[in-house]
Amino acid sequence: MNRFEYARASDVAEAVRARAADASARFIAGGTNLIDLMKENVARPTRLIDINHLPLRGIEDTDAGGVRIGALATNTAVAYDARIEARYPLLSSAILAGASPQLRNAATTGGNLLQRTRCYYFYDTGTPCNKREPGTGCPAIAGVNRIHAILGASENCIATHPSDMCVALAALAATVRVTGPSGEREIAFADFHRLPGDTPERDTNLGEDELITAIDLPPEGFASNYSYLKLRDRLSYAFALVSVAAALTFDGDTIREARLALGGVAHKPWRDTAAEAALAGKPANRATFETAAAALLADARGYSGNAFKIELARRAIVRALSQAAAGTPQVQTDKRVR
Amino acid sequence: MSMTYLGKAVSRVDGPAKVTGAARYAGEFPVPELTYGVVVSSTIARGKITRIDSAAALGVPGVVQVFTHENRPHTAYLNRSWRDEVAPPGAPFRPLYDAEIHFSAQPVALVVAEDFETARYAASLVRVEYEQGPHTTDLERERGTAYVPPKKRNGIAPPPDPRGNAVEALAAAPRKIARQYVSPFEHHNPMEPFATTVLWQDAGRLTVFDKTQGVQNVQSYITSVFGLKAANVQVISPFVGGAFGSGLRPQYQVFLAVMAATELERSVRVTLTRQQMFSFSYRPNTIQAISLGARPDGKLLALTHEAIGNTSQHEDYQETVVNWSGLLYGAENASFIYKLVKTDWASPADMRAPGATLGVFAIETAIDELAYELSLDPLALRLANYTERDENDGKPFTSKELRACYQQGAERFGWSKRNPAPRSMTEGRELIGWGMATGAWEALHMKAAARATLRAGPMLEVASATADIGTGTYTIMAQIAAETLGVPIEAVSVKLGDSSLPKSPIEGGSWTAASIGAAVQAACETVRGKLFKLARGLENSPLANADIEHVEFADGTIRLPGDPSRSVPIDRALAAAGTEALEAEETVGPGLISSRRFSRNTHSAVFAEVRVDEELGIARVTRVVNAVAAGRILNLKTGGSQVMGGVVMGIGMALHEETMPDHALGRFMNHNLAEYHIPVHADIPAAIEVIFVEEHDPEVSPLGVKGLGEIGIVGTAAAIGNAIYHATGKRVRDLPITIDKLL
Amino acid sequence: MGTEASAAGVFSAAVRPVTLSVNGADRELRIAPWTTLLDGLREYLGLTGTKKGCDHGQCGACTVLVDGVRINSCLTLAVMHEGATIRTIEGIGAEGALHPLQQAFIDHDAFQCGYCTPGQICSATGLIAEGRARTPEEIRELMSGNLCRCGAYPNIVAAIEHAMRVAETAP
């Protein structure tokens, strides 16, 4: 871990000013990812701006009929918030599928969005990595790539975004509220995270000097028909090989609206609106779900160690949609998949 | 004779220290003016350091020194000076010895600073340049270079001699199978990282707090490598946060800490990072081939078992892999081959039931495959080939209650209700599978010493240089001592993990309970004899005419059973003799004649239930019954935990564990506990049931004890793999059995 | 920061006093900002009951209760917790005055090497306080952040279940 200066910020404006003043300064909130990366010498900020004392922990109703989650609300606070549990159970379930209780108690909502992609090579400074050191190459492509991307990767980077919470937020079409030196703005969740392309070093479209202040959830929470299904190499406390956030509303037996997002498969939470469109207006049956899965995975590409994830994703999509349609969402403490 | 402590479920005597955080581990001993060392690791697998620049690190205030191969102090020259008690044949790795890189993540520098954070930061500033050489790390690719190790590793049996003509018998056998099994690299990953705290005292005396399974092994390594006097080096290790074999040999942090302390004349602590825990000591990567030929009724006619395992370039690490097939099954025609392949990794090391976990996984999977081939019940096939002698050398066993393990395990598990057809049992979406396997391990008795000291109170202390790595050594030593001298267990204190204590072998091989137990008992019996003499010699002693054979030691007294008036309190005997303490040290070793006449083994039968969501490839273990025959069980509680822990590690071996190499870089990539998956709470069912099968064996060791540290893992992975086959009809022959292999 | 009004608001890499309430007593550490809460407890306060198993939030051995909430002390900086109330294994109970959970761990042989044990017990303390685990399955899932390489899991769950029953029936 490198040496750095530390200070607490007492309000948002002060925090943003401090960040704008020093390009290699970083905000620190829960610290669960940043400190990890600093110990690996992957992140080497010159300054840490402690934002834990900013008034951003609240979870409240919005005028638009949705819910606003403060950026500093912990993963635990969000997952067990009565409003979230009742109106956005998909989000609760996704959060509880991730990490451990200890990590969820410390990790914040804003920090969850900003956790870096997970890749063995990115975390190991003894190896090349285009994300860590642009231009050095991507050994994962021909190396160990079990947890790597099957969608949206580039020849520069095949890392995956590790968040579970973000998969649900993508499916729910949340909005990210940020504040920068020039004021506030909103970023649609789908536009928040980036694909690696030629700039794998950039994970998000958040400005260098911007601070996430809140996440807004729209009114529709898909509380009746949803499921978060996470498949991994052990039954808890592991990154997803594939996870699926599925959410449906119905007109009688016909799907009115569908949401479908995947985790563990791409550089960003992978929501596919085309696949969602393929579900809308259709009966909720296996054939429909298979069609949507095929559409979502049409451009999937596997590597030596992760090609199986394409078939796994296909089956997981079908299962998660079945769970959602039946109103029997996966319960994260139940290791039998419904 | 009824026992107060032996054979009972006695709680760990070190329990209160462990549940309150008071137990101190190697990296936790408070030492004044301590410096901290952080290791810099190589990024290449093979080659040479061409330049190493410590200037920036040395420029950080608080940095004391940066040690590299260029400025390390003088150390021993001869290989034999570096060889520890359990070193395999070859040239042991020498940290910071020269510019050569032998494996990825090899230590290349040690940064010592006044505080940990400064050392950690400065370590990131050390610049190392390399000239990269070609490396070979891929066992599969290099299997053509496999060789029979020219020099046998001490204590490791070479493959048994061939029996009959396996090639012809296989060709002629009416039914046969030939299969290949692959096992990945696995790292021990004890929860406690390797650490050493060296307390440097004036006149060059060192007290070395080390994470080790053998304090005297480490002591002799230090004195030999650094040319120090044994009187000046004391190695202490009262608590070990797990080891599973990784602490059998001195690891490089102890070398680095001692080197820095002697050179700087300062106290030094070196603790490895979790990533560095992947830079030494692992279960080797193996490829095994097994052929079985049988009659339709199941009788084995031919058996061949060949194993290839990787080793380092500099040592021929060996373990017993193929012999277990020959031990368990009486095929008249059999052949066994065990070969090594040199690779540019660090040397492998013994990991819980080394060799047996791998060899038994292969043979017990192959036997299951043969059972389906013959349409026989897997348990019936094993019984059809049951043998009462060690088929490798024809010796009888000191005892073998494997048949009872099969019977009791099967009954408890409900094996008779099993529908033999694969895919025949379901509940909801899940396929249910029941599988079983046999386990076997050695029951060794090693020469060891212990001391017993009895004082007024009465207070009894027993001591030996052995270790308790979570195995329960403290507790069984206390139980044996309390039982032998008839004092409450609360009156017994146990000392271990200190090189100044009576001589003990390394704590491993499941031999500690038998070996240290025998020595503790002998020392206590000697004290008992001395005490009885004192009691009988008292003026008007109520025991004046008694014989030691007829008295009992109980409740802190020596007394004649049935006559409470004829009793002498221990304290009175001691006081009257005017002696402060009665002390005895005894050394007990195995009977050599018995060793030659008998084979000595523990056995087990493991039954496992899995539930598989076939569509998603998820297998979960829902039930395990492990019936173990291991002679006398000293402590049902800690003994049960040993077997249960072995089963849990076996579940990990079956479903989770795998260190993933990048062969292009010659580097392990999932060097962390997030991606090197060991089972978590959610993976482990409540229903792990351990049955101890009655096995009376006065021949195997003085206490009749066989040991429990390893037997729990042996066979478990095969039982789970066999259950998965029963559930799904899919046979996975390369571990671990992950989602992708079941899709 | 922009202003000098509060010392806490000024960027500094200097060693500074940080006051934590640890196991009921105020303790002042003099530490640089890069000292983790875990290292602060172990190396600066001598509270080595809290263990470092991975130092990356992947094993749970470093679990402590901060303001009553269980977290991984390896992934947070001590300086971030000025004024916080920290409870470590040393504050759960001591030899001779064991907490029921500690006694249950001994009774159920819920550990072997003991290295993950303080983290398991602190985590279980947090779990019980959270009140969200009612079934063995829920205990297993919500204890999955605490690895045990010795494989004592079934006994740990049994010990926690026992302690939960004791806590429920306590007057």
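Every number in this text was worked out from the coordinates using simple rules, so none of it is lab data. This one's a predicted model, so the numbers in the text were calculated from it and none came from an experiment. Positions of Cβ are generated from backbone atoms using ideal geometry, with glycine treated the same way; all protein chains shown enter the neighbour counts.
Dipole magnitude of chain C about its Cα centre, charges +1 at Lys/Arg Cβ and -1 at Asp/Glu Cβ only, in debye to the nearest 20?
My answer is approximately 200 debye.
As I understand it, the dipole of the stretch A:226-326 uses +1 on the Cβ of Lys and Arg and -1 on the Cβ of Asp and Glu, about the Cα centre. Which of A:A298, A:A325, A:P269 lies farthest toward its positive end?
Of the options given, the answer is A:P269.
Ordered by residue, what ³J(HN,Hα) values in Hz, to whole numbers, does the stretch B:95-105 give under the Karplus form 6.51 cos²θ - 1.76 cosθ + 1.60, where θ = phi - 60° and Gly and Pro are x?
Rounded to whole hertz, the list is x, 6, 6, 8, 7, 6, 9, 9, 6, 5, 6.
Taking the convex hull of the alpha carbon atoms in the stretch B:446-589, what volume per residue do you get, in Å³? Numbers along the way, then the final one.
Working: hull volume 14.1 nm³, N = 144.
Cα convex hull per residue, to the nearest whole number: 98 Å³.
Net charge near B:E609, counting Lys/Arg +1 and Asp/Glu -1 over other residues with Cβ under 13 Å of its Cβ?
+3
Take the alpha-carbon centre of the stretch C:95-171, take the same for the stretch A:35-113, and report the distance between them in whole Å.
Value for the Cα centre distance between the two parts: 27 Å.
By the scheme Lys and Arg +1, Asp and Glu -1, what is the net charge of all other residues having a beta-carbon under 11 Å from that of A:S182?
-2
Spelling out what I want: for every residue of the stretch B:498-503, take phi, set θ = phi - 60°, compute 6.51 cos²θ - 1.76 cosθ + 1.60 (Karplus), and round to whole Hz; glycine and proline get x.
Karplus values, whole Hz, x for Gly and Pro: 8, 5, 7, 7, x, 5.
In Å and from the alpha-carbon atoms only, list the Rg and Dmax of chain B.
27.2, 85
How big, on average over all directions, is the shadow cast by the Cα convex hull of chain C, in nm²? Working shown, then result.
Working: hull surface 44.9 nm².
Averaged projected area of chain C's Cα convex hull equals 11.2 nm².
For the stretch B:446-589, what is the charge dipole size about the Cα centre, in debye to the nearest 20, if Lys and Arg each add +1 at the Cβ and Asp and Glu each add -1 at the Cβ?
Approximately 220 debye in magnitude.
Return one number: the angle in degrees, 0 to 90 and rounded to the nearest 10, between the long axis of the Cα atoms of helix C:117-130 and the longest principal axis of the Cα atoms of chain C.
Once rounded, the angle reads 90 degrees.
Rounded to the nearest 0.05, what FRET efficiency is calculated for B:N232 and B:R596 with R0 set to 51 Å and r the Cβ-Cβ distance?
Details: r = 41 Å, r/R0 = 0.80.
The formula returns an efficiency of 0.80 here.
Please list the equivalent ellipsoid semi-axes of the protein assembly as shown, computed as the square roots of five times the alpha-carbon gyration tensor eigenvalues, in descending order and whole angstrom.
Computed over the protein assembly as shown, the values are 49, 38, 31 Å.
Just grab the label-to-label distance for A:T254 and B:D734, each label 7 Å out from Cα along the Cβ direction, in nm (one decimal).
Between A:T254 and B:D734, the label points sit 5.0 nm apart.
With each label point set 7 Å from Cα along the Cα-Cβ vector, what nm distance links B:R295 and A:A280?
7.3
What is the Cα radius of gyration of chain A over 2.2 N^0.38 Å, N being its residue count?
Relative to the 2.2 N^0.38 Å estimate, chain A comes out at 0.96.
Please name whichever of C:P154, C:I139, C:I121 sits farthest to the positive end of the charge dipole of the stretch C:100-169, dipole taken about the Cα centre and charges placed at Cβ: Lys and Arg +1, Asp and Glu -1.
Of the candidates, C:I121 comes out farthest on the positive side.
Along the stretch B:238-249, what does the Karplus equation 6.51 cos²θ - 1.76 cosθ + 1.60 (θ = phi - 60°) give for ³J(HN,Hα), rounded to whole Hz, x for Gly and Pro?
x, 10, 10, x, x, 7, 6, x, 5, x, 6, 9
Please provide three numbers in whole Å: the alpha-carbon extents of the stretch C:7-89 along the principal axes, with the largest listed first.
Sorted largest first, the three principal extents are 35, 26, 21 Å.
Quote the relative contact order of the stretch B:511-625 in percent (integer), defining contacts as alpha-carbon pairs under 8 Å separated by 6+ residues.
That works out to 21 percent.
For every helix of n ≥ 4 consecutive DSSP H residues, a contribution of -39,500 (n - 2.57) applies; sum these over the protein assembly as shown, divide by its total residues, and give [θ] at 222 nm rounded to the nearest 500 deg cm²/dmol.
It comes out at -7500 deg cm²/dmol, rounded to the nearest 500.
If you take every residue apart from C:T50 with its C-beta less than 15 Å away from the C-beta of C:T50, what net charge results, scoring Lys and Arg +1 and Asp and Glu -1?
My count for the surroundings of C:T50 gives +2.
Please list the non-local residues whose amide H lies under 5 Å from the amide H of B:T557, H modeled 1.01 Å from N, same-chain partners needing a gap of 5 or more.
Amide H to amide H, under 5 Å and 5 or more residues apart or across chains, B:T557 pairs with B:I570.
With charges set only on the Cβ (+1 for Lys and Arg, -1 for Asp and Glu), what does the dipole of the protein assembly as shown come to about its Cα centre, in debye to the nearest 20?
With only Lys, Arg, Asp and Glu charged at Cβ, the dipole is about 1540 debye.
Can you list the residues, at least 5 places off or on another chain, whose amide H is less than 5 Å from the amide H of B:T622, using H built in the peptide plane?
Amide H to amide H, under 5 Å and 5 or more residues apart or across chains, B:T622 pairs with B:E609, B:V610, B:R611.
Taking Cα atoms of the stretch B:161-282, Rg/Rh with Kirkwood Rh, to two decimals?
Working: Rg = 22.0 Å, Rh = 17.0 Å.
Radius of gyration over Kirkwood radius for the stretch B:161-282 works out to 1.30.
Of all alpha-carbon pairs in the stretch B:467-546, indicate the percentage at a distance above 16 angstrom. Numbers along the way, then the final one.
Numbers: 1813 of 3160 pairs.
Every Cα pair in the stretch B:467-546 considered, those over 16 Å come to 57 percent.
If R₀ is 30 angstrom, what is the calculated FRET efficiency for the pair C:E168 and B:E490, using the beta carbon separation as r and rounding to 0.05?
In this case the efficiency is close to 0.45.
Select from B:A577, B:G486, B:P561 the residue farthest towards the positive end of the dipole of the stretch B:446-589; place +1 on Cβ of Lys and Arg, -1 on Cβ of Asp and Glu, and compute about the Cα centre.
Value: B:A577.
Contour minus end-to-end for B:L538 and B:T426, with contour as 0.36 nm per residue of separation and end-to-end as the Cα-Cα distance?
32.9 nm
Excluding same-chain residues fewer than 8 positions from B:K741, which lysines have a Cα within less than 16 Å of its Cα?
Cross-link targets: A:K309, B:K730.
Name the long-range amide H neighbours of A:R194: under 5 Å, sequence gap of 5 or more, or other chain; modelled H, no Pro or chain starts.
For A:R194, whose amide H was placed from the backbone, the distant partners under 5 Å are A:T204, A:N205.
Compute the angle between helix A:286-296 and the longest alpha-carbon principal axis of chain A, please, reported from 0 to 90 degrees and rounded to the nearest 10.
Roughly 30 degrees, rounded to the nearest 10.
Would you mind pulling out the separation of the Cα centroids of the stretch B:421-485 and the stretch B:335-367, in Å?
Here the two parts' Cα centres lie 24 Å apart.
As an exercise, use a Förster radius of 60 Å and the Cβ-Cβ distance of B:R80 and C:R16 to find the FRET efficiency, rounded to the nearest 0.05.
For B:R80 and C:R16, the calculated efficiency is 0.70.
Tell me, what are the semi-axes, in whole angstrom and largest first, of the equivalent ellipsoid of the stretch C:100-169 as set by the roots of 5 times the Cα gyration tensor eigenvalues? Don't jump to the answer; show the numbers that get you there.
Values: eigenvalues 59, 34, 20 Å².
They are 17, 13, 10 Å, listed from largest to smallest.
Tell me the chymotrypsin sites (Phe, Trp or Tyr not before Pro) within the stretch A:1-94 that lie in a loop according to DSSP and have at most 13 other beta-carbon atoms within 10 Å.
Listed in order of number, the matching sites amount to none.
According to a simple spin-label model (label point 7 Å from Cα along Cα-to-Cβ), what is the distance in nm between A:E201 and A:R83?
4.0
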